[in-house]
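Worksheet for the structure shown next.
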Amino acid sequence: MDFQSIASYIPPISACFSFVILATQFCIALRRVKPSSTSVLEQDFDYGPEYAQSVRRSKILQRVRFVLCLVLVVLSVSLLALDRNPNGLDRVEIFFSTFFIYTSLLSLLTFFPSTASHNWSSTASIHLTSLHAIAFLTLTSIDISPLAYTHPPSSPSTHLSIVDWLKYTRVTLLFLSGALIPVLLPRRYVPLDPSNPHPPALHQISSYFSFAYFTFLDPLVWKAFKNENKNGNGKEGEKGGFGWEDIPRLAEDDKTEYLSKHSFHVLDPVMSGRKRNFSWSLIILFSTSNPHSSPPPTNVAFVHSEKQYLIMTAVTLLQATTDFAWPLATNRILAYLESPPSPQNRTETQESNIRPWVWILWLTIGPIFGTLLNEIYLYYQTVVFAKTQALITQLLLVHSLRVRLNTTNASNSTSTSSHSDDVPSTEVPETDTKKASDEKEDYIGKINNLMTGDVDLLITFQEWMRPLILVIHAMMCMLILYFILGWSALVGLATMLLCLPIPGYLGTRILIVQEGRMKKADSRIAAVTQMMNVIRMVKLFAWERKVEGRIYDKRQEELREIFRNVVLDCISIMANVFIPMATKVVTYAVYTLVMGEDLIASKVFSSLVLFNILDHDMHTMFWIITGILRGKVSLDRVGEFLNSGELLDSNLPVVSATDRGITTPTTTTTTTTPIPNPRSHRKFTLRIPHTLSFPPSSKTLIYGPTASGKTSLLMALLGEMYFSPSAPGGYYRLPRNGDGGGVAYAAQETWVLNDTIRENILFGAAYDEERFERVIWETGLRQDLDGFEGGDMTEVGERGITLSGGQKARITLARALYSRASVLLLDDVLSALDVHTAQWVARNCLGGELIKGRTILLVTNNVALCEPFANYVVGIEEGVVGRLRTVREAMKGGLGKESREALKETERKEEGVIDKPSDGLSKGDEAENLKKSDGKLIVAEEMPEGHLSWAAARLWFVHLGGPLFFTLVAIMLLLQSVFGLGGNWFLGWWSSQYVDPPSGGVPSGLYLGIYTIIAVLDISILIVNFAYFEIGGIRASRSLHQNLIKSVLSATLRWLDTVPISRVIARCAQDFQIIDGVLPNNAFIVFWESTRLTTYFITIVVSAGYVTLVPGVIVIALGLTFGQIYIKAQLPLKRMRSNARSPVLSHVGAALHGLVSIRAYGAQESVLKESFARIDLYTHVSRTYMNLNRWIGIRTKTLGSLFTGAVAAYLVYGRDLSSGRVGFTLSLIAAWTDMLLSWIREFNDLEVQGNSIERIKDFLDIDHEPEPTEEGKVAAYWPASGELRVENLSARYSADGPVVLKNISFSLKSGQRMGIVGRTGAGKSSMALALLRAIPTTGNVLYDGIDTSKINLDILRSNITIIPQHPELLVGNIRENLDPFGEHEDVTLNDALRAAGLYSIQGDDSDGKIGLDTDVSNGGSNFSQGQRQILALARAILRGSKIVILDEATAAIDHQTDHAIQESLRTEFKDATVITVAHRLQTIMNSDKIMVLDKGEVVEFDSPSALLCRNGGFFKSLVNESPDREELIRAARVSLLT
């Protein structure tokens, strides 16, 4: 029997196997049937309109296929009746008839619904598809394959019979039923959790064809193309673009919560119980199936599979074989043209008898199929990348919430040694001072960089398996070259192997450079983050230029590393093109000079394509290896962070609970570097030399001097400090949810979310209106909320920018009060409140209903105010905690005479507060102007519409270089294209010489030398041009970064208050990562490919004929149309994606700032839940953004392949050309179509990446303060005095805002002191900002005789010093905070600290003594409020300004510290003009002038004595209402009788 006879039995035998399998499954299903079972798909659940539409489409296609099956039965019966061949074909047709009857029954079975035990419809469809596919392949080989040969084994008759037509029709119908319909059938969707189903994503229910061509994105793309987009604000039914609701739904297995649940056991070292290389963990995760999930059905496994890396490997291996379609087809076509077969020549191989149309078809379909596989590979790469982004972002947050961040590598700290039970105390290890100083950075900035810069570099790491596959691919390439060029290919292979150490060496260098670059980027981002955290201080102290210079220096260090990267990139490109070129030249040299063979067209051009493939492999390998190494560096940094850090409870013993009290028995020692303090040189030890137990349902006051350890006691109870018992059995215990109802914590450093007031109070708890209103009343917030038009739905802004200090403190207290926690830890919550508000809160909150039955620990200096509501008192002095005493015992004498006086003084000073009836504000006036009718503060980030604006593109081009720069680039691009074309043309001309060789033979050595020179020139020009362009990119990046920092630093306070810090950080991290590398690379590729596309197209038209001009233009037009359609959807998606990143960073930043509060409340889950939502929003748009790249890629490649096939057919059948010219033209077409695809992608990607320039430009075009001018400079001796004269000063917070100061006029002589008093919102803080010109003003302010409106802002502000109510400290040490720019000697700095009173409040032998080398943690959180005030005072002393503005904030400090500050103000600023924004009468009664403000107007202005003599005056009424009236009047030197 021949092959055809044997093959004809395959389909019937396959049908027999199918029947057996179905029968077996049916029997098994009968045994498993449970009457009570219900199929998932039969549940009453709405999967959405898309799913319903896919079901309808599936039913229609199954009906069509059933009709096709019936027609196939009819055709088989007809063939059986017509074909009467005595060789036994009748028996075969009988089998085929039976076969098609069986498949018709299977098709009928697809109509049956699913049962509880089995989905028979899906099973029947799979069997039917498989059988028809087998039949199609079998009958194609029998009936169609003879048409492909010029001399078939059995020549067909000259005309086709009806039997032939029936056979061809049958093959066609089998193609429709066994190939086309199956790929058009929507895939079945099965939810991951049948008990809790979710609607499917579009790609989960799309057909295989739709999935391959990404047609499920067509509605989105079409809507974007048809309408102007609204950038995420579009609403259903409105005309004009798409919004978030139009983006395809995120799949369930792409959501962060699902990923975390099923992946952290592999990635998280804490959950896995061991440290592991993070890169290896990631590879394991995406290479294996999840043991916790059940396998999906067969027909959905391809989509739901968790073995993405294995799928990527399999797909890319298969795709590698399709790359050889072009060289093989080219070789066969040219061989056919060189020696066309004839009927007289029957000695040729069967391969040479294959007709050219077969190879032309293969030339067309092969690349399309390869592109389909490549796009599927890239799809899974982006899937893994998106999941990796989500997982790492979430895992970094999870780890930050559970460890001491000062022990992680994010703070560059040294690992703290473990605390042994038998060691009385543990010190933080000392580190080298210089090294510590150099390494100190803001850990929040570093974590942000891990989440942006590092994570974004992981896209190429997902291709870690590609280098090995590329090596296999290169070996296959050399094998085919061996069959074409003989053993000379082996010499070429040896040449390539000898050059392979070059990539290895380059890889190690790239790794080193990348590590250095990321460290420099860390340093820069940390500096920018710190700058934004203290931006108000920077501006009011006129530090903009110095801060800009510091960031510029860090940027320069980073750019040096980037330049080293560029150098390595140039060397990589050189090696990338040199190695294949050397391989090609050596191979041709051996083939022609040693072997003496002719380099004819069929050999040279097919080998040329193979060498181009080899060139591409080398280029891809270098690029991927570089990307993998850079990704590896980033993953190692992430892994280093995750593998470091001490868990909060890692050193705590498990203690059984017997009651709901808080107990710290035996002698315990708590040694700390308070979170988040890296490497503190200052050791503080909190000692409890006895058993201390706080009874349940009691209120205990904790008091003591500044920095005595009051806050540290609360931190110790919360587990935020190191614990070490100094006696056996020592422990401490704080009841948590499991044993005492939970803990609530209100920090002295108030922490609020960038959300509404209501959400800040609820903090994830359910809204109970009655309880909420009760909390509002008890905390005295009702009047404040009534003042906001948005009420409790008013946004508080980033870090509570719209709120005063007192409002933030009461919201923090309200959060603790609203919670159901049984233990409340309140850290000096009354200190920021004026006396009336404090009395209200003490009376109605501490003595209120919501506090009853709860255990309260209240840190306070105002014992007298809180004593009536307290049960117990605990004193702390120099880190030693006293015994618990009742309030009565303490007040009777237990505190001693000195403590009694201190308490009385504290009581008196608190009663002298002015701001009545609300609290003292630091930003209260500003808050009044930020109120919105809808409660919104933060301005929504605007997104440009349409294409990348020319203004944004021009911004980058201008900084990239001038006309000369672009002229040189264009000339080199043109020259390089000419040499590239010249090399191919010369090879074609060389091959044509063998057709009619000269008498002396073809001078192969000469020709080889000429070709080598052309190739070397081509490479040289490319490298020089690339390096020249990249240097321009570095220049543009430097300028843009400098301009951005300068723009933000010179922005108005109004703009800074309405823009979250995360937006600035995102631009400095995410956007500049693109501008530093991706953008110049893309731009160069676009310019390079544009030149080559043009020159190649002209050459193709000239070589192939002008007939190809029409299809070429059509292809270009269609390609550009596809590109326009694509870009209209991709640009808004890119903008939405960029904007969706900021909320993620903002949320993480807020969580890191409030770690202690989050941990205290046990609110980690709610924080993580919010993180899930924000990350999912980003992943939602990110997945669609990346899928659109697949959408354009497959379409442009298909278009190019069709053009290639058409031109190839024309060259073979339409023109009589030599094989050399045909080969030259085909090689150009191959390169041109690939370039067309790449150009469209790169051009659109360039426009998409240009969004980063747009985002930078947005922050350049903002409201700025006036720039310094030459006219604004003053004499060097100015100011000689502190004389100040103000005339008709009016001010507002924005150009269109309400007036907050109205016609203020006053004058002060040098050295005079003035106190400003008034109710909340009167304009006190506005006065300070107006004098500094921080807000728009009119009128005249004369400082030492010069109008300040004519002075440069930096000069003015550098000669006026403001001491804010809440001083801001920089991460570093005391020296860097006092003298950030190294302008003073240490002796001067120590003198300033001494003058400010620091040394007078700490003993010489104190363990916690503060010095210049003492480290300062983020926000100065390791210092008390009083210490920070003293440091701010020392900073002011150093500046030596003639005018000092003090926004008084002494309510939070003890009497000793207050006394030291007041003494410093009297002595150190005796020659300066001091303006005090007063909150207490006592500190301003000895002032020379008192200004009383009301609603922005001066209602009283005179000396204190004169105002006290004014009947009915506001100031006099304040003094008369004070309990210290007599003492205040004496201080003003006025008779009591007045």
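The values are calculated or read from the model by the stated rules, or taken from the named source; none is laboratory data. Quick caveat, the model's predicted, so the values are computed rather than measured. Ideal geometry is used to build each Cβ from the backbone, glycine not excepted, and the neighbour counts take in all protein chains shown. In case anyone asks, the SASA skips ligands and DNA or RNA and just uses the protein heavy atoms, side chains included. Shrake-Rupley method; radii C 1.70, N 1.55, O 1.52, S 1.80 Å.
Quick notes on this one:
- Of the residues making up region 1002-1015, not a single one is part of a helix (DSSP H, G or I), at pLDDT below 90 and more than 19 Å from Tyr591 (Cα to Cα).
- Flag if Ala494 is at positive phi and either modelled with pLDDT of 85 or more or of a type in the set (A, V, I, L, M) (or both): no
- Check on Ala1230, open to solvent by 10 Å² or more (accessible area, probe 1.4 Å), under 30 Å from Phe986 (Cβ atoms) and aliphatic (A, V, I, L, M): yes
Let's see how each residue does on (1) closer than 19 Å to Met574 by Cα; (2) open to solvent by 20 Å² or more (accessible area, probe 1.4 Å); (3) among the polar types (S, T, N, Q):
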position: Ser992; (1), (2), (3): no, yes, yes
position: Ile1010; (1), (2), (3): no, yes, no
position: Val1024; (1), (2), (3): yes, yes, no
position: Ser1039; (1), (2), (3): no, yes, yes
position: Ile1061; (1), (2), (3): no, yes, no
position: Arg1067; (1), (2), (3): no, no, no
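- Pairing each residue of region 732-748 that is more than 22 Å from Thr812 (Cβ to Cβ) with any residue that is of a type in the set (S, T, N, Q) and at pLDDT below 70, provided the two are 6+ apart or on different chains, yields C-beta distances under 8 Å for Tyr732/Thr663; Tyr732/Thr664; Tyr732/Thr668; Arg733/Thr663; Arg733/Thr664.
- Filtered residue count, region 1274-1299, keeping only those that are of a type in the set (Asp, Glu) and in contact with an Asp or Glu (Cβ under 8 Å, 6 or more places away or on another chain): 1
- Checking each residue of region 1332-1348 against the condition of being touching a residue at least 24 places away in the same chain (Cβ under 8 Å), crowded, with 19+ Cβ neighbours inside 10 Å, hydroxyl-bearing (Ser, Thr, Tyr) and over 25 Å from Asp1057 (Cβ atoms) gives at least one match.
- Any chance Ile1045 is in a helix (DSSP H, G or I), free of Cβ contacts under 8 Å to residues at least 60 places away in the same chain and either within 27 Å of Ala1140 (Cβ to Cβ) or not small (Gly, Ala, Ser) (or both): no
- Condition met for Lys546 (without any contact (Cβ under 8 Å) to a residue 12 or more places away in the chain and open to solvent by 10 Å² or more (accessible area, probe 1.4 Å)): no
- Subset of region 98-126 that is in a helix (DSSP H, G or I) and farther than 20 Å from Ser76 by Cα - its residue that is modelled with the lowest pLDDT: Trp120
- Residue within region 183-195 that is assigned to a helix (DSSP H, G or I), touching a helix residue (DSSP H, G or I) at 6+ places or on another chain (Cβ under 6 Å) and modelled with pLDDT of 80 or more present: yes
- Cβ separations smaller than 6 Å between residues 6+ apart or across chains give the following pairs from region 768-788 residues that are under 20 Å from Gly806 (Cβ atoms) and in a helix (DSSP H, G or I) to residues that are of a type in the set (Lys, Arg) and open to solvent by 10 Å² or more (accessible area, probe 1.4 Å): Ile776/Arg782.
- Members of region 1046-1056 that are open to solvent by less than 10 Å² (accessible area, probe 1.4 Å) and under 16 Å from Arg799 (Cβ atoms): Leu1053
- Yes/no for Thr1108 being open to solvent by less than 10 Å² (accessible area, probe 1.4 Å), part of a helix (DSSP H, G or I) and among the polar types (S, T, N, Q): yes
- Condition check for Ile247: closer than 18 Å to Gln204 by Cβ and either in contact with a strand residue (DSSP E or B) (Cβ under 9 Å, 6 or more places away or on another chain) or modelled with pLDDT of 85 or more (or both): yes
- Condition met for Phe641 (closer than 20 Å to Ala1069 by Cα and surrounded by fewer than 18 Cβ atoms within 10 Å (Cβ to Cβ)): no
Residues are listed down the side, and each one gets a yes or a no for (1) part of a helix (DSSP H, G or I); (2) within 27 Å of Met1327 (Cα to Cα); (3) free of Cβ contacts under 8 Å to residues at least 12 places away in the same chain; (4) open to solvent by 50 Å² or more (accessible area, probe 1.4 Å):
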residue	(1), (2), (3), (4)
Thr1361	no, yes, no, no
His1366	no, yes, no, yes
Glu1376	yes, no, no, yes
Phe1381	no, no, no, yes
His1384	no, no, no, yes
Val1387	yes, no, yes, yes
Asp1391	yes, no, yes, yes
Arg1394	yes, no, yes, yes
